[in-house]
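Just so it is clear, none of the values below were taken in a lab; they were calculated from the coordinates. Everything quoted here is computed from the prediction, not taken from an experiment. All Cβ positions, even for glycine, are placed from backbone atoms using ideal geometry, and neighbour counts span all protein chains on display.
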Amino acid sequence: MNDFEGKNALITGASSGIGKDMAFVMAEKGINLVLLARRESILNEIKHDLEKKFQIKVLIIASDLSQITEYQRIHDECLNNDFSPDFLVNNAGYGTLDSFHKISYEDHIKFINVLSTSVIALTRLFLQNMLDKGFGRIINIASLAGFAPASNSGGMYTAVKSMIIKHSEGIHKEYSNKNIFCCAVCPGFTHTEFHDQMGDFKRSIPSFMWMDSKTVAEQAFNETMKGKDLFINGGINKFLAFLMWLTPKWLTNLYYKVIMRKRP
C-alpha cells in the first residue's frame, strides 16, 4: 500500500484542463476523487474512464461555484458520501476580456465567487476535517498573472490571482506545523480550454512559452507534497515573474497608457 491509498481529493473545475489532468495524476496514486464542475455529462465520462483504469472511487458533483449557496451543499454531499477530502484542489476559473465598465455587476460578482470566494469557503469548510486527521494538502491554482502589475485588462483576473497567492501563503504559514500544506501554483500559458478561447491572442504567443496541462498538474502535486507554499511552473515563467518584480512602476504605467489609447 502506498502513502496515498485510501485518501480522498476534491477537485474543482475537473471537467477539463489542469483539473482533469490533476484527477488522473491523483488517480494513478490511488487517491479517491470528488470531481466538481458544471458539466455533469463530461464529469460522468471522466468518472467512467478513471474507474475503468484505476482501482479508486469517484464521486461527481455538478455545481456552479458562482452561487455561494453551493459551497455548503458540496461540503455536505462529500461528508454524506463518506468522502472527507485529504486533498483540496481549487482549480475552477475562467477569464473576462471586456473593459471593466462593460462587464455587468452580476458578472463581476460571479467571477469573484468562482475564482476567489469558493476557494476561501471550501478551504474553511473542509479545514476542520483536515485538522482532525492531522493531514491536509490544499492546492490553489493561481497564475503568473498574480505577479503582474495592475492592468487595464478589464476584469478582475490579476487582482483575484494576486489575492489567492497571498491567501495560500497565509494558510500554509498558519497550519503547516499541523501537517496541512497549502500551495499557490502559478502556471503561465497552458494548453487548456481557458486559453483556447483567446483566439488570435493565443496564436500570437510563441510556442516555447506554452506548457501542457498534465505537466502543470504533476508539478503542482509534487511541489505541494514537498511543503512549498508557492510554485511557479517552468523556468521561463520564473524569469518573467522576476522581470515583473524588477520592472519599475513608471515603465508599466507608461505601457498601459499606450495600450489604453488603442482600446475603443
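Where in region 112-138 is the amide nitrogen less than 13 Å from a point lying 7 Å along the Cα-to-Cβ axis of Phe100? Those under the cut-off are none; the list is empty. Close amide H partners of Leu230, meaning residues 5 or more places away or on another chain with modelled amide H under 5 Å apart, are Ala184. Rounded to the nearest Hz, the phi-derived 3J(HN,Hα) couplings of region 64-79 under the Karplus curve 6.51 cos²θ - 1.76 cosθ + 1.60 (θ = phi - 60°) are 10, 6, 6, 9, 5, 5, 6, 5, 5, 4, 4, 4, 5, 5, 4, 5, where x marks glycine and proline.
Here the Karplus relation 6.51 cos²θ - 1.76 cosθ + 1.60, evaluated at θ = phi - 60°, turns the backbone of region 156-172 into coupling constants of 9, 4, 4, 5, 5, 5, 4, 4, 4, 4, 5, 4, 4, 4, x, 4, 4 Hz, with x for every Gly and Pro.
For region 8-24, the Karplus equation 6.51 cos²θ - 1.76 cosθ + 1.60, evaluated at θ = phi - 60°, returns couplings of 10, 9, 9, 10, 8, x, 8, 7, 6, x, 4, x, 5, 5, 4, 4, 6 Hz by residue, with Gly and Pro reported as x. Taking amide H as placed 1.01 Å from N in the peptide plane, Ile138 has its amide H under 5 Å from the amide H of Leu88, Phe181, Cys182, Cys183, each at least 5 places away in sequence or on another chain.
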